[in-house]
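The numbers here are math on the coordinates, done by the rules we state, and not lab data. These numbers were taken from a predicted model, which means no experiment stands behind them. Neighbour counts run over all protein chains shown; Cβ positions are idealised from the backbone, glycine included.
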């Protein structure tokens, strides 16, 4: 479904550059729920932007179903950390906006065909909102009339209505309180199990990554290269996870063991370890 092939990313800083990702290889199969974990600055969001087509690698290539990604398209849905909702549009209009823009030009939106399609889009949007646990009465509200959890449900419906082949989520639940966040995690798992969609989910929360993912991919960078230059992040762990089987799984000894294992995998090597490796 999605392939990162020897991908490196660096950004110019004055006369030098800062490397973010270093020779990264990653394959994501159809139907997988892959969570990407890493500390701030490890390149998690950069990885997602490459998958979306908002950014191009400095070297290497990114493929979607065998085609090299060069720009965003409707096959990749995106849910950002902050709610991507238009404050001046109702919930219903926010969800249908993507379909209307994709399929009709500005002048096309005054034709009879547009109004026929719009009725169909609105019905699809109401069905999508219902899957997100929202009521029909919520469709006429504006974003500022909704709680944070409800706004994120709308943002997910907004991404899914275009029927993407993969859903890309960037710290999508980080702004929510713990109870709401737990509910959204379970909602997303139910949605994934029901649809079989492919999800790439970026988070800095290790417990969230372990709970949600069928695979956990951890990014980390070495402290520095032998020459003293800071290196870009690479994959330090790519591990399959057992089925979480409900929220009670978070209280299990197995869950705690897996969280600890991922934490330890992400720790940078101690200086003594680096010296021993050099010898």
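Mind checking which of 14, 133, 41 has the largest fluctuation in a GNM of the chain, springs on alpha carbons under 10 Å?
14
Pick out which of 201, 115, 173 has the largest mean-square fluctuation in a Gaussian network model of the chain, springs linking Cα atoms closer than 10 Å.
Result: 115 has the largest fluctuation of those listed.
Relative contact order for region 84-163: what is it in percent, counting Cα pairs under 8 Å that are at least 6 residues apart? It would help to have the intermediate numbers written out before the result.
Numbers: 75 pairs, mean separation 39.2, N = 80.
Across region 84-163, relative contact order equals 49 percent.
Considering Cα pairs under 8 angstrom that are at least six residues apart, work out the relative contact order of the chain and quote it in whole percent.
Numbers: 485 pairs, mean separation 69.6, N = 279.
For the chain, the relative contact order is 25 percent.
Write down the percent of antiparallel bridges among all DSSP beta bridges whose residues are both part of the chain, to the nearest 5.
Numbers: 22 of 41 bridges.
The antiparallel proportion sits near 55 percent.
Give me the distance in nm between label points sitting 7 Å out from Cα along the Cα-to-Cβ direction at residue 16 and residue 165, one decimal.
Computed distance between label sites residue 16 and residue 165 equals 4.1 nm.
Determine, from the Cβ-Cβ distance of residue 101 and residue 256 and an R0 of 30 Å, the FRET efficiency 1/(1 + (r/R0)^6), rounded to the nearest 0.05. Spell out each step's value before the answer.
Values: r = 46 Å, r/R0 = 1.52.
That pair, residue 101 with residue 256, gives E of 0.05.
Restricting to Cα pairs below 8 Å that are 6+ residues apart, what does the relative contact order work out to for region 1-100? Please round to a whole percent.
On the way: 122 pairs, mean separation 27.2, N = 100.
Result for region 1-100 is 27 percent.
Can you give the FRET efficiency to the nearest 0.05 for residue 204 and residue 145, using r as the Cβ-Cβ distance and R₀ = 30 Å?
Working: r = 30 Å, r/R0 = 0.98.
Calculated value: 0.50.
Just to be sure I understand: with springs between alpha-carbon atoms less than 10 Å apart, which residue in 73, 88, 138 has the highest mean-square fluctuation in the Gaussian network model of the chain?
It is 88.
Describe numerically, in nm with one decimal, the distance between label points set 7 Å from Cα along Cα→Cβ at residue 267 and at residue 73.
Calculated label separation equals 4.5 nm.
Roughly speaking, what is the stretch gain from residue 86 to residue 248, that is 0.36 nm per residue apart minus the C-alpha to C-alpha distance, in nm to one decimal? Each step should come with its number before you reach the end.
Values: separation 162, 0.36 × 162 = 58.32 nm, distance 3.63 nm.
That works out to 54.7 nm of additional length.
Using a 10 Å cut-off around each Cβ, can you sort 235, 156 from fewest to most neighbouring Cβ atoms? Display every interim value, and only then the final one.
Details: 235 18, 156 23.
By the 10 Å Cβ count, ascending: 235, 156.
Would you please give the FRET efficiency between residue 239 and residue 177, computed as 1/(1 + (r/R0)^6) with r the Cβ-Cβ distance and R0 = 25 Å, to the nearest 0.05? Intermediate values should be presented prior to the final figure.
Working: r = 29 Å, r/R0 = 1.15.
In this case the efficiency is close to 0.30.
Determine, for 122, 74, 181, the number of other Cβ atoms within 10 Å of each Cβ, and report the residues in order from fewest to most. Working shown, then result.
Working: 122 16, 74 13, 181 19.
Going from sparsest to densest Cβ surroundings: 74, 122, 181.
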